[in-house]
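Beneath this line is the structure, given in structure tokens, with notes to follow.
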Amino acid sequence: MRLSFLFPVSLLVLATSFGCESKPSTNAKPANSSGALASDESYEVNEELQGEVKIDGSSTVFPISEAASAEFSKRFPNVSVTVGSSGTGGGFKKFNKGETDISDASRPVKAEEFASALKNNVKMIEVPVAYDGLTIVVHPDNDFLKEITVDQLKKIFNGDSPAQKWSDVDGAWPDREIKRYAPGTDSGTFDYFKEIVAGKTGSITDQLSASESDNVLVTGVAGSVDAIGFFGVAYYEENKDKLRAVPVINPKGEAVLPSMDAIKSGSYAPFSRPLFIYVNADSMKRPEVRMFVEFYLDNAPELAAANAYPPLPMEVYELARKNAQELTTGTHFLEEKEGKMEKREGPIAEVFVSENRYEG
Amino acid sequence: MSMAADSLDQRVGRIFESDRRNLASVRRRESLIFACLVACGMFSLAVTVAILVVLVTQTVNFFGFEEVTVGNFFGSIRWNPLLGAEKSFGIWALVSGTLMVTTIAMAIALPLGLITAVYLSEYAPSRVRSFLKPILEILAGIPTVVFGLFALTNNTPSLRLIDERFMIFNAMSGGIAVGILCLPTVCSLAEDALQAVPKTLREGAYGLGGTRFDAVMKVILPAALSGIVSAFLLAIARAVGETMVVAIACGNSPQVTYDPREQIQTMTGFMVQMATGDVSNYGIEYSSMYAVAGMLFLLTLSITMVGTVVRKRFREAYE
């Protein structure tokens, strides 16, 4: 009796471990759907348009898409827009099989994701929707870290020989151990930080407390004067009273805080990154998807700002709109080098231009 | 005469014919039932085989990446697929996390479960029993995600009161929750085993002048040993495979450590992280999830095998 029932149970145990469970993430904030939108007049209530728009992907972009969906549904009550947040990677997996119309992404599409989409005959239209500023935070009582350079961050976070004490980074800083906090290593935020601090060939130290939950990061950094951490600017805005943002020295040598204006103007460098939605070109032929993307783009600056994400430069939105209308597919963030697809680096206003479009 | 014989023959023929028809339909029905039962039996076999095929092909696929070597997988204690260009896939970092959580959980679930089972089966008055058993069953019905949140919002702050060096995510907090989670499994299976010990043995022990404690320790527990060991092994397998609690409460820093105050990552925790994050689903990091799943499968399989051997070894047969 016992013998026969043990085996299926161990399988069950295995099956549950395959991960049909969701990540305990507190990233997703409720959509801010109040506030008048620019397009209040230009979109009248239309009950004739019907259909379905399926969105999935990054939990960072989720609040913006969710807000867009809520506003869109007010004007087009018969179009159902569903927004999921299974992560950028999981989003592309569904998108590349044609299961979703739009994929939210907190980073540009990766080479292998792009290749897989091409293989499945899925063509994507790249639409940047907002900025996310990566904020370096410390304890409010930390009185030595007035500003920080990328080089100092490298000393603190690099994987080969990370500084153990603050005094190892700068002789004037205290002789106490550094405590590092970072978002989940699987997150787009971490990936972006890694790209800047470690580059393509380096690594980030594993002597850090990484957590999916931004709340834990806030608690961790707020709990020690020797802590340093980083996460998205939207989350910093909500926890301003418990943490202090450290100004980052930009390539021009200015110490800049991640304010809305600084990120928008591009002076908060290099820690501001674009967020995207990727639209399936075939889906775009359906009127409800087309209408939704148009609506999204018309309102992107307001929707982003309502969720504490700075809007992108106008010319970026213009090109995105043009690409969407003309069904111009491809990505601007990959280029072919020696037969391999590689990531294109640089500020979005310079990268996201027609000449850089790559269709594979 | 011939008329009568004919009609008799015909009658007999008809009877047999109708019987044959009956028999045929009975046979058809029987074989249908048989096929149905076989299909049900085969279903779990087919699922097992399908899972194995997925695991094996994907694991082979993982080892096909040029950055991955079998030597690194089994010979290193560093697991850092997401930290940068230099990736190391040393499975022991994750295995040690799983073992630590399982050890903590079993240190709670096994003794507590067994003692509770002995109390319920041998000591408790029937009124207490009828009240305690359903409570244990309710415990078994609580979703694991609730246990995870319980660990994070109750265990962790309590532990930090005792020793503030406990990190917010730590192995101890999750381990305790997994232990509580496994408690009903151990308790109810062990109790079944104790109840299955024939009454005559119990009475024999009393008849020889033994106290209740003597009867439990010297007669009933040894007699039920095989069942109790199965209960233990099942609980261990459950703890090894537990996912949600560790994903929520134990953190995600794969490392080999003996300090339960540190954050760790278990095999299941890593798989959850891979399946849900922003990581590209076509790369080596994602693929490594299957190798981890394969390892986990081997682990639970070996626990099951040990269980079979142990049960045979300690089996006490009574009529």
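The values are calculated or read from the model by the stated rules, or taken from the named source; none is laboratory data. Owing to the predicted nature of the structure, the values given are computational and were not obtained by experimental measurement. Here the Cβ is made from the backbone with ideal geometry for all residues, glycine too, and neighbour counts use every protein chain on show.
Of all residues in segment B:189-239, exactly one satisfies the criterion of being in contact (Cβ under 8 Å) with a residue 40 or more places away in the chain and aromatic (Phe, Trp, Tyr), namely B:PHE232. A single entry from B:ALA46, B:ALA85 fulfils the requirement of being touching a strand residue (DSSP E or B) at 6+ places or on another chain (Cβ under 9 Å) and not aromatic (Phe, Trp, Tyr): B:ALA85. Being surrounded by fewer than 24 Cβ atoms within 10 Å (Cβ to Cβ) and within 14 Å of another protein chain (Cβ to nearest Cβ) is a property that B:ARG202 lacks.
Screening segment A:78-126 for residues that are within 11 Å of chain B (Cβ to nearest Cβ) and among the polar types (S, T, N, Q) and picking the one that is surrounded by the most Cβ atoms within 10 Å (Cβ to Cβ) gives A:THR88.
For (1) surrounded by 17 or more Cβ atoms within 10 Å (Cβ to Cβ); (2) in contact with a helix residue (DSSP H, G or I) (Cβ under 7 Å, 6 or more places away or on another chain), each residue gets a yes or a no:
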| residue | (1), (2) |
| --- | --- |
| A:ALA227 | yes, yes |
| A:PRO258 | yes, yes |
| A:LYS264 | yes, no |
| A:VAL279 | yes, yes |
| A:PRO287 | no, no |
| A:ASN307 | yes, yes |
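Of the residues B:SER31, B:SER44, B:SER25, the single one that is modelled with pLDDT under 90 and hydroxyl-bearing (Ser, Thr, Tyr) is B:SER25. Remark: pairs (first residue in segment B:259-286, among the charged types (D, E, K, R); second residue in a helix (DSSP H, G or I); Cβ separation under 7 Å; 6+ apart in sequence or on different chains) = B:ARG261/B:MET172; B:GLU262/B:ALA171; B:ASP278/A:GLY87; B:ASP278/A:THR88; B:ASP278/A:GLY89; B:ASP278/A:GLY188; B:ASP278/A:ASP191; B:GLU285/B:MET274. Elements of the type helices (runs of 4 or more DSSP H) sitting completely within segment B:208-319 and holding at least 2 residues that are touching a strand residue (DSSP E or B) at 6+ places or on another chain (Cβ under 8 Å) and of a type outside the set (D, E, K, R): these cover B:284-314.
Looking across segment B:114-145, the residues that are part of a helix (DSSP H, G or I) and either within 12 Å of chain A (Cβ to nearest Cβ) or acidic (Asp, Glu) (or both) come down to B:GLU122, B:GLU137, B:THR144, B:VAL145.
Of all the listed residues (B:ALA235, B:ALA247, B:ALA275), the sole one being more than 8 Å from every other protein chain (Cβ to nearest Cβ) and among the small types (Gly, Ala, Ser) is B:ALA235. In segment B:69-87, the qualifying residues are those that are touching a residue at least 24 places away in the same chain (Cβ under 8 Å) and buried (at least 19 other Cβ atoms within 10 Å of the Cβ), and the one that is nearest to the other protein chains (Cβ to nearest Cβ) is B:LEU82. Only one of the listed residues (A:TYR268, A:TYR296) is surrounded by 19 or more Cβ atoms within 10 Å (Cβ to Cβ) and modelled with pLDDT under 90. That residue is A:TYR268. Looking for something among the hydrophobic types (A, V, I, L, M, F, W, C), at pLDDT 90 or above and part of a helix (DSSP H, G or I) - is there at least one such residue anywhere in segment A:324-338? Within segment A:324-338 (the criterion being among the hydrophobic types (A, V, I, L, M, F, W, C), at pLDDT 90 or above and part of a helix (DSSP H, G or I)), the answer is yes, since at least one residue qualifies.
Scanning segment A:164-210 for residues that are in contact with a strand residue (DSSP E or B) (Cβ under 6 Å, 6 or more places away or on another chain), at pLDDT 90 or above and among the β-branched types (Val, Ile, Thr) yields a single hit, A:ILE204. Is it the case that B:TYR290 is at the interface with chain A (Cβ under 7 Å from one of its Cβ atoms) and closer than 18 Å to B:VAL68 by Cβ? So B:TYR290 does not fit the description; no. Whether a residue is in a loop (DSSP other than H, G, I, E, B) and surrounded by fewer than 19 Cβ atoms within 10 Å (Cβ to Cβ) was assessed, and A:LEU312 does not pass this test. For the structure I just gave you, tell me whether B:ALA93 is under 17 Å from B:ASP259 (Cβ atoms), within 12 Å of chain A (Cβ to nearest Cβ) and out of contact with any Leu (no Cβ under 7 Å at 6 or more places or on another chain). Spelling it out, B:ALA93 is indeed under 17 Å from B:ASP259 (Cβ atoms), within 12 Å of chain A (Cβ to nearest Cβ) and out of contact with any Leu (no Cβ under 7 Å at 6 or more places or on another chain).
Scanning segment A:162-216 for residues that are assigned to a loop (DSSP other than H, G, I, E, B) and aromatic (Phe, Trp, Tyr) yields a total of 1. Residues of segment A:202-254 that are more than 16 Å from A:THR185 (Cα to Cα), within 12 Å of chain B (Cβ to nearest Cβ) and of a type in the set (S, T, N, Q): A:THR219, A:SER224.
The single residue among B:ARG165, B:ARG212 that is surrounded by fewer than 20 Cβ atoms within 10 Å (Cβ to Cβ), at pLDDT below 90 and either on the phi < 0 side of the Ramachandran plot or in contact with a helix residue (DSSP H, G or I) (Cβ under 8 Å, 6 or more places away or on another chain) (or both) turns out to be B:ARG165.
Hey, does segment A:117-134 have a residue that's polar (S, T, N, Q), modelled with pLDDT under 95 and touching a Leu at 6+ places or on another chain (Cβ under 9 Å)? No, that holds for no residue.
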